[in-house]
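To keep things clear, I will list the structure first and then write my remarks on it.
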Amino acid sequence: MTIDYFLEREKMVKEQIVVRGIRNEKIIAAMKKIPRHLFVPDKWQVQAYADRPLPIEMQQTISQPYIVALMTESLRLGPTDKVLEIGTGSGYQTAVLAEICNSVYTVELLPELMESATELLGRLGYRNIVAKIDDGTLGWPEHQLYDAIIVTAGAPHLPQPLLAQLADGGRLVIPVGNSLSQSLKKIVRRPDGFWEDQLLQCQFVPLRGQHGWQQ
Ligand code: SAH
């Protein structure tokens, strides 16, 4: 049986994204366009457009499509924005960001994942993504300040370097909590301090590193 991935994507966007209230046209267009099935291991390809996260290599996961859409929408991205992503993983969220804004900086701890993600993103033609293998809880100081920062792994607390690298008016979206459940938070930097909103409860793989889980 061959799968019509174009139809699968149309259905995913209609039944998982739009019905749940995501209205941003650029996000919708990006998710209709990006071949999500190429970002998952072969044996999971038939499930690539299902309403759930899926396993990728190295015991990590590719986020559920709706969570990708919600986090991206919460970043309130403009076309000239510079965005930092922590936790490249499969590279799917990276591609969504690259469709929407000028420059995407992405950091991944595990070389094996970064290698396949950058290979695929290059093959798909993305030229506005800069990637490095490192501990993303330290941010990427050389390219600060960022208009938006997205963390796609669960943190025990807000990593201080990420707050410091946020531009005035900048948005940080990050799951914070314990290993079983986190609250997806949106932080906005204003002249008078950091403002925090809770979006929903979620479950991400752990954010490792110096300002993450230590083991
Ligand atoms: N957005 C990705 C999510 C991958 S899962 C996707 O949808 O495919 C989270 C990723 O965060 C994993 O790849 C994990 O290796 C990575 N990660 C965990 N701690 C990290 C850290 N300190 N710095 C960078 N990446 C980290």
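The values are calculated or read from the model by the stated rules, or taken from the named source; none is laboratory data. From a predicted model like this one, the values you see are computed outputs, not experimental measurements. A quick note on method: Cβ atoms are made from the backbone with ideal geometry, for glycine too, and the neighbour counts reach across all protein chains shown.
For Pro175, state whether it is in contact (Cβ under 8 Å) with a residue 12 or more places away in the chain, within 12 Å of the ligand (Cβ to nearest atom), assigned to a strand (DSSP E or B) and not aromatic (Phe, Trp, Tyr).
Criteria met by Pro175.
Among the residues in the stretch 80-91, are any more than 26 Å from Ile28 (Cβ to Cβ) and within 12 Å of the ligand (Cβ to nearest atom)?
Looking through the stretch 80-91, none of the residues is more than 26 Å from Ile28 (Cβ to Cβ) and within 12 Å of the ligand (Cβ to nearest atom).
Could you please tell me which pairs satisfy a Cβ distance under 7 Å, a separation of 6+ or placement on different chains, a first residue in the stretch 195-206 that is within 12 Å of Asn178 (Cβ to Cβ), and a second residue that is more than 11 Å from the ligand (Cβ to nearest atom) and of a type in the set (Gly, Ala, Ser)?
Gln201/Ser181; Gln201/Ser183; Gln203/Ser181; Pro206/Ser179
Does Thr88 fit the bill of being of a type in the set (Val, Ile, Thr), in a helix (DSSP H, G or I) and in contact (Cβ under 8 Å) with a residue 40 or more places away in the chain?
No; evaluated as a whole, the condition is false for this residue.
Among the listed residues Gln16, Gln60, Gln93, identify the single one that is touching a helix residue (DSSP H, G or I) at 6+ places or on another chain (Cβ under 7 Å) and either among the hydrophobic types (A, V, I, L, M, F, W, C) or farther than 27 Å from Thr137 by Cα (or both).
Only one candidate passes the filter, namely Gln16.
Against the condition in contact with a Pro (Cβ under 8 Å, 6 or more places away or on another chain), away from the ligand (no atom under 16 Å from the Cβ) and either closer than 25 Å to Tyr66 by Cα or of a type outside the set (Ser, Thr, Tyr) (or both), how does Asp168 come out, does it pass?
So Asp168 passes the test.
Mind checking which residues of the stretch 95-128 are within 23 Å of Pro159 (Cα to Cα) and within 13 Å of the ligand (Cβ to nearest atom)?
Once the filter is applied, which keeps residues that are within 23 Å of Pro159 (Cα to Cα) and within 13 Å of the ligand (Cβ to nearest atom), the stretch 95-128 yields Leu97, Val104, Tyr105, Thr106, Val107, Glu108, Leu109, Leu110, Pro111, Leu113, Met114.
Out of the stretch 79-103, which residues are at pLDDT below 95 and either hydrophobic (A, V, I, L, M, F, W, C) or over 13 Å from Ala148 (Cβ atoms) (or both)?
Cys101
Is it the case that some residue within the stretch 18-38 is touching a Leu at 6+ places or on another chain (Cβ under 7 Å) and farther than 21 Å from Leu184 by Cβ?
Looking through the stretch 18-38, at least one residue is touching a Leu at 6+ places or on another chain (Cβ under 7 Å) and farther than 21 Å from Leu184 by Cβ.
In the stretch 151-177, what count of residues is obtained for those that are in contact with a strand residue (DSSP E or B) (Cβ under 8 Å, 6 or more places away or on another chain) and of a type in the set (S, T, N, Q)?
Residues meeting the conditions: 2.
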